[in-house]
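Right, one structure below, let's go through it.
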Amino acid sequence: MDITLKPLGLKHKEQVINIYNCYIENSFAAYPESRVPYEFFEQLLKMCEGYPSAVAEDEGGNVLGFGLLRPYHTFPVFSRTAFITYFIKPEFRHKGIGKQILEYLIVKGKEKGIASVLADISSLNIQSIDFHRKNGFMECGRFENVGVKNGKIFDVVYMQKKL
């Protein structure tokens, strides 16, 4: 499958939020309990301002997934560390798109001086934990029983990839 990776832009707003809302409603991959409005996209752009972001588009301009790096912390002493977030349209998972977005963000992150990428993942999102392990992330801690979504209590698993 031919895809193009490019930075997130306003034209991607509806497609990106539709993907995100799918995960909100059907999984523990996204933490909100209810759908977010399209205006939430501006918040995503602000979160990753100055950091790499990506959408994966097919030949027709359809967004198949998106990802972004964002600051780990606002203090400059942590400027070499970033959190990563990505979501792939469910019907396009397991086709290598997530890996391509991850690799793209890592290359762009290195160019920015990022030396460590962190992920915070719901313990109920086993597929994401496995994906990160397969792609060089190590579990480095967890906060137990800190989240509750749809009546289910979960841990937050922290994973790290040193670049």
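A short reminder: the numbers here are calculations on the coordinates, not readings from a lab. All values derive from a computational prediction rather than experimental measurement. Cβ placement follows ideal geometry from the backbone for every residue including glycine, while neighbour counts extend to all protein chains displayed.
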Could you count how many residues in the stretch 116-134 are in contact with a strand residue (DSSP E or B) (Cβ under 7 Å, 6 or more places away or on another chain) and either of a type in the set (D, E, K, R) or under 24 Å from C48 (Cα atoms) (or both)?
10
How do the pairs read when you match residues in the stretch 105-130 that are in a helix (DSSP H, G or I) with residues anywhere that are surrounded by fewer than 18 Cβ atoms within 10 Å (Cβ to Cβ), using Cβ under 7 Å and keeping only pairs 6 or more apart or on different chains?
I106/L163; G109/L163; K110/L163
For residues that are of a type outside the set (A, V, I, L, M) and more than 14 Å from A56 (Cα to Cα), scanning just the stretch 103-114, find the one that is surrounded by the most Cβ atoms within 10 Å (Cβ to Cβ).
G109
Among (1) more than 22 Å from F131 (Cβ to Cβ); (2) assigned to a loop (DSSP other than H, G, I, E, B); (3) touching a strand residue (DSSP E or B) at 6+ places or on another chain (Cβ under 6 Å), where does P37 come up short?
(3)
So for the stretch 133-156 (the condition being of a type in the set (A, V, I, L, M), in a helix (DSSP H, G or I) and surrounded by 15 or more Cβ atoms within 10 Å (Cβ to Cβ)), does at least one residue qualify?
no
Of the residues in the stretch 59-98, those that are touching a helix residue (DSSP H, G or I) at 6+ places or on another chain (Cβ under 8 Å) and either aliphatic (A, V, I, L, M) or part of a helix (DSSP H, G or I) (or both) number 9
So, first residue touching a residue at least 24 places away in the same chain (Cβ under 8 Å) and under 11 Å from D58 (Cα atoms) in the stretch 1-18, second residue among the hydroxyl-bearing types (S, T, Y) and assigned to a helix (DSSP H, G or I), Cβ within less than 6 Å, six or more apart or across chains; the pairs are L5/Y104
State which residue pairs qualify: first residue of a type in the set (V, I, T) and inside the stretch 58-69, second residue outside any strand (DSSP E or B) and surrounded by 14 or more Cβ atoms within 10 Å (Cβ to Cβ) in any location, beta carbons under 9 Å apart, and separation of 6 or more residues or different chains.
V63/H12; V63/Q15; V63/V16; V63/I19; V63/K89
Among all residue pairs at least 6 apart or on different chains, which show Cβ distances below 6 Å where the first residue, located in the stretch 35-55, is in contact (Cβ under 8 Å) with a residue 40 or more places away in the chain and the second is surrounded by fewer than 21 Cβ atoms within 10 Å (Cβ to Cβ) and aromatic (F, W, Y)?
A54/Y104
What's the number of the condition N21 fails, among (1) within 20 Å of S122 (Cβ to Cβ); (2) touching a strand residue (DSSP E or B) at 6+ places or on another chain (Cβ under 6 Å)?
(2)
Residues that are surrounded by fewer than 17 Cβ atoms within 10 Å (Cβ to Cβ), out of contact with any Asp or Glu (no Cβ under 8 Å at 6 or more places or on another chain) and under 20 Å from K108 (Cβ atoms): does the stretch 11-26 have at least one?
yes
Between a first residue in the stretch 77-102 that is touching a residue at least 60 places away in the same chain (Cβ under 8 Å) and buried (at least 16 other Cβ atoms within 10 Å of the Cβ) and a second residue that is acidic (D, E) and part of a loop (DSSP other than H, G, I, E, B), which pairs have beta carbons less than 6 Å apart while being 6 or more apart in sequence or on different chains?
none
